[in-house]
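The values are calculated or read from the model by the stated rules, or taken from the named source; none is laboratory data. Just so it is clear, the model here is predicted, and its values are computed rather than measured. Glycine gets a Cβ as well: all are built from the backbone with ideal geometry, and neighbour counts include every protein chain shown.
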Amino acid sequence: MNVAVTGIGLVSALGDLTQTWERLVEGRSGVQLYQPFSSLEPKPIALIGKHPAEIFSLTRQVVSDAVNDAGLEIPLFDCGVVVGSSRGNQAQWERFTTGQGDLANWLKTLPNGSAIETAQLIQSQGIVLAPMAACATGLWAIARGAELIWSGQCERVICGAIEAPITPLTLIGFERMGALAKDGAFPFDVDRQGLVLGEGGAVFVLESEELARQRKAKIYGRVLGFGLTADGYHVSAPELGSRAAIAAMNQCLKRSGLTADQIDYIHAHGTATQLNDRNEAHLIQQCFSHSVWISSTKGATGHTLGGSGALGAAFCLMALKHQTVPPNVGIRRSEFGIAIAQSAKSADLENVLCFSFGFGGQNAIVAFSR
């Protein structure tokens, strides 16, 4: 059974789905210098508004946009829900520790908050799942959503991930790790400094292709397959040699019925940290003998942590729709011998991959086709 993507809802520092795609293709960035908390120094951040966003309002926005984009109407009683986040409503927990907020509402701050908010919004009485796999959360949610359709448990699923990670604890934590950039995000650049945190996420309406065709829905593309593995190596550093990540790649290609030379574009995780970019470039060089287009869009949107794979998946689908490789915003001088798209490129795109690699050695790769 083929799984079709019939709707996308997205929000980032560059705007909604259409605005983000247009500005991304132009090479624009939503990263700016902000001081969201008076107790902390200004830092480059990709904010959606002037102040840190609230996760439930972002969830309602992207889910409503996805439903409208798919040409559907609420209620969607039989629709499955797989919506995750790596941070959840951590911002509210941090406010609780300083005596702010009403503890009577603490249940809404649990990690499944965005999934429950989605289910209530669409009035789903079906399966509701809330994956949490660090920065691999978004792709894990898409893989699980597609599985629900392939297995016949659902005919339609809303899946994806949303993140509102601009909190004092998150900023201080990444700074103590030495992972935050001082000036901006420059994935795969020889002078990359580290990651820049960003807000946002994306959700997708997945349907059996038969259902989509019956109702004459537009189709962005198909979910072909996925690979999910874990390094079992370190709490934050990727395994040297990328053994488990290569296994995820092989799983994804096998399940998708593809060979490496059939891949036309890879949306890389590309965090602009020293270790991630080096390991990811090594992975690409190990698995692909041909020159496949590569780009990371975190120089434009910032790193939305659990939401980043969902954003990447949306950019893969928009690339298929427009036959355009999005640029690797922020790169000036590449360190690696891979085909980085320094500007938007017109290309014949049939099969594309999206990569996500999360803390704890979480590896996720999803394949999409035109």
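For the stretch 1-14, which positions are of a type outside the set (S, T, N, Q), in contact with a Phe, Trp or Tyr (Cβ under 9 Å, 6 or more places away or on another chain) and modelled with pLDDT of 95 or more?
Val3, Ala4, Val5, Gly7, Ile8, Gly9, Leu10, Leu14, listed by residue number.
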Tally of residues being in a helix (DSSP H, G or I) and acidic (Asp, Glu) across the stretch 122-175 = 2
note = Selection over the stretch 291-332 where residues are in a helix (DSSP H, G or I) and within 16 Å of the chain's Cα centre (by Cα) yields a count of 19
Strands (runs of 3 or more DSSP E) within the stretch 1-62 that include 2 or more residues crowded, with 19+ Cβ neighbours inside 10 Å and not aromatic (Phe, Trp, Tyr) = 3-12, 43-45
ask   = Taking the stated definitions as given, is Ser343 under 27 Å from Ala247 (Cβ atoms) and in a loop (DSSP other than H, G, I, E, B)?
value = no
Criterion: of a type outside the set (Ser, Thr, Tyr) and farther than 30 Å from Ile149 by Cα - qualifying residue of Gly27, Gly88 = Gly27
query = Quick one: how many residues across the stretch 84-115 are hydrophobic (A, V, I, L, M, F, W, C) and in contact with a Gly (Cβ under 6 Å, 6 or more places away or on another chain)?
reply = 0
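Residue-wise test of (1) surrounded by fewer than 24 Cβ atoms within 10 Å (Cβ to Cβ); (2) under 17 Å from Gly227 (Cβ atoms); (3) in contact with a strand residue (DSSP E or B) (Cβ under 6 Å, 6 or more places away or on another chain); (4) assigned by TED's automatic domain parsing to the domain that holds Ala66.
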| residue | (1), (2), (3), (4) |
| --- | --- |
| Ile266 | no, yes, yes, no |
| Gly270 | no, no, no, no |
| Gln274 | yes, no, no, no |
| Ser291 | yes, no, yes, no |
| Ile294 | no, no, yes, no |
| Gly307 | no, no, yes, no |
| Gly312 | no, yes, yes, no |
| Lys321 | yes, no, no, no |
Qualifying position, being assigned by TED's automatic domain parsing to the domain that holds Ala70, of a type in the set (A, V, I, L, M, F, W, C) and in contact with a Pro (Cβ under 9 Å, 6 or more places away or on another chain), among Ile122, Ile158 = Ile122
